[in-house]
Amino acid sequence: MPKLYMVVNEDRFFLSHRKEIALAAQQDGWQVRIVCKDTGQRSDVQALGLQMIDLPINPTGTNLLEELRTLWFLYRLYRHDRPDVVHHVGVKNILWGGIAAKLAKIKGVVNAVSGLGVLFSGESFSFKTRLILAAMRYANRRQHVSLIFQNLEDRQLFISRRIATTDQCEYIKGSGVNLTEFAYTPEPPYPPIKVILTARMVREKGIEILIKAAELLRPEMEGRVIFQLCGGLHKNPKGYKDYELQAMCDGRYVQWLGHRNDVCQLLKQSHIVTLPSYYREGLPKSLIEAAAIGRPIVTTDSYGCKDTVVHGVNGFLVPVKDPQALADRLRQLINDPDLRQRMGRASRQKAELEFSVDRVIDHHLYLYRKSLA
C-alpha cells in the first residue's frame, strides 16, 4: 500500500479544505497520514480514520530558528517514514517540505499553491520574497514534482520566475465544494436582507472596506439590511483583535458572528455574499460555497476572487479598496430581488460546471498515481 503524506498548516484547515481528498485517496488504496499543527482538532481528524502527525510550525511566523526547526522535522520524518508521495499545501509547506523532500530523496511531490498572500503582493518583491522564490526553485528542479495552481496569475508567476516548468503545472479551480451538502437554496424571506462575509478576520480580506460600505449605506438601509462578518480571530500579523472588531460592529446593523461551524446554514439564510479582499487569494472557498448555495457575489477584481464571478452574470466585480463601488453594487442587489435570484441561479450553474469537489478529487488522485509512475 503506497504512503501519502499530506502536509498542511493546521488541523482545522485540513478539515475545511482537504478532508474529502484525503478520504478519497484512502479509499483509492493509499495509506494516508496528515501532517499538521494540532490546534485541538486531532480527535476530529482521527475520527475520520486518518493518522495525524503534529507538525511544529508557526503558520505566520518569521523567526529563522522556528523555520529551520520545521525544515529539520520534515526532513527527519521523510527520511524515517519514506512516504511515496508528499502533498504540500501552502507556501510555507511547499518551501520547507519541498527542500526536505529533495534532500530525503522522496520520489513524488505534489505542491498546492493555495494563494500567495501578502508576501507576494506589490509591484516589486522584497529581498525576503526573492530568497523564498530561489529556495522553491531549487526544491522544484527535479523529476516527479507537480504544482497545483488555483488561478492562472499564480501559475504564470511561477513559470516566469523559473520556479516551475510548464509541464509541472496543473490548474485546479480551488479545493472544491460538496454540491450535495451545499445544495441550491432559494433565498429566504426578507426583510431583513442579509449580506454576509465569511473569512478569517484579517485586514487584507477587506473587512474594513465592507464596514465602510455598510456605513455609506446606513442612512437608507438601516432596519432593512444586516451586514454579517463570519470568521474567527487569527494570529496573522494583520489579524484583528477582539476589541477592534467589537468597536467596528454595533451588533445590530453590522454584526461580527465570530468563528462558526454552521457556515452552510448561514449562507442559506443570507441573500448576498461579499468578499472585498485585496489579499493574494488562490480561489476563496467561501465564494465557491456561496456559488453552490445559489447566491449573488460581490467581490474584487483581484487574484482568485475574480475567478468566481462573471461580472453581471452571477455577481459583480469591484475595484480593490473601493468602499463606494462596493456600496453601489450592494445597493443594486439589495433593491432588486429579481436580479438577486437570477444571479443566484447563475452562481449555482457555475458551481456545478467548475467547482465540484468530485472533479477536484479526481484530478488529485490522477496526480498521486502519476507521481508513482
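Just so it is clear, none of the values below were taken in a lab; they were calculated from the coordinates. Here the structure is a predicted model, which means the values were calculated and not measured. Backbone-built Cβ (ideal geometry, glycine too); neighbour counts: all protein chains shown.
Loop-only GluC sites (Glu not before Pro) in region 114-210, please: DSSP not H, G, I, E or B, and at most 16 other Cβ atoms within 10 Å.
123, 181
Report, by chain and number, residues whose modeled amide H sits under 5 Å from the one on residue 52, excluding near sequence neighbours (fewer than 5 apart, same chain).
34
When the chain is modelled as a GNM with alpha-carbon springs shorter than 10 Å, which of 260, 18, 295 fluctuates the most?
Per the Cα network of the chain with a 10 Å cutoff, 260 tops the list.
Among 62, 299, 129, which comes first, then next, by fewest other beta-carbon atoms within 10 Å?
Placing the least packed residue first, the sequence is 62, 129, 299.
Ranking 88, 234 by Cβ neighbours within 10 Å, fewest first, what do you get?
Ascending Cβ contact count within 10 Å gives the list 234, 88.
Using the Karplus curve 6.51 cos²θ - 1.76 cosθ + 1.60 with θ = phi - 60°, work out ³J(HN,Hα) for each residue of region 364-373 in order, rounded to whole Hz, and write x for Gly and Pro.
Once rounded to whole Hz, the list reads 5, 4, 4, 5, 4, 5, 4, 5, 8, 4.
Using R₀ = 45 Å, calculate the FRET efficiency as 1/(1 + (r/R₀)^6) where r is the Cβ-Cβ separation of residue 247 and residue 311; round to 0.05.
The calculated FRET efficiency here is 0.85.
Restricting the count to DSSP beta bridges whose residues both fall in the chain, what percent are antiparallel, rounded to a multiple of 5?
Antiparallel bridges make up about 5 percent of those DSSP assigns within the chain.
With a 10 Å Cβ neighbour count serving as the proxy for reagent exposure, in which order, fewest first, do 356, 43 appear?
43, 356
At a Cα cut-off below 25 Å, give the lysines reachable from residue 3, other chains included and same-chain residues fewer than 8 away excluded.
Excluding near neighbours in sequence, the set is 19, 37, 92, 102, 105, 107, 370.
Out of every Cα-Cα pair in region 175-274, what percent are more than 16 Å apart?
Here the long-distance tail beyond 16 Å is 58 percent of all Cα pairs in region 175-274.
Between 283, 103, 317, which gets the highest mean-square fluctuation from a Gaussian network model of the chain, Cα cutoff 10 Å?
103
Tell me, what HN-Hα J-couplings in whole Hz come from the Karplus equation 6.51 cos²θ - 1.76 cosθ + 1.60 at θ = phi - 60° for each residue of region 312-328, using x for Gly and Pro?
x, 9, 10, x, 10, 9, 10, x, 5, 6, 10, x, 5, 5, 5, 4, 5
So for region 117-275, if I pair up every lysine 8 or more residues apart or on another chain, how many of those pairs have alpha-carbons under 26 Å apart?
Value for region 117-275: 17.
Please find, in a Gaussian network model of the chain (springs between Cα atoms separated by less than 10 Å), the residue of 218, 155, 33 whose mean-square fluctuation is greatest.
Sorting by GNM fluctuation, first place goes to 218.
Output wanted: per-residue J couplings in Hz (rounded whole) for region 85-101, from phi through Karplus 6.51 cos²θ - 1.76 cosθ + 1.60, θ = phi - 60°, x for Gly and Pro.
My calculation for region 85-101 gives 9, 10, 10, 9, 10, x, 4, 5, 6, 4, 5, 6, x, x, 5, 4, 5 Hz in order.
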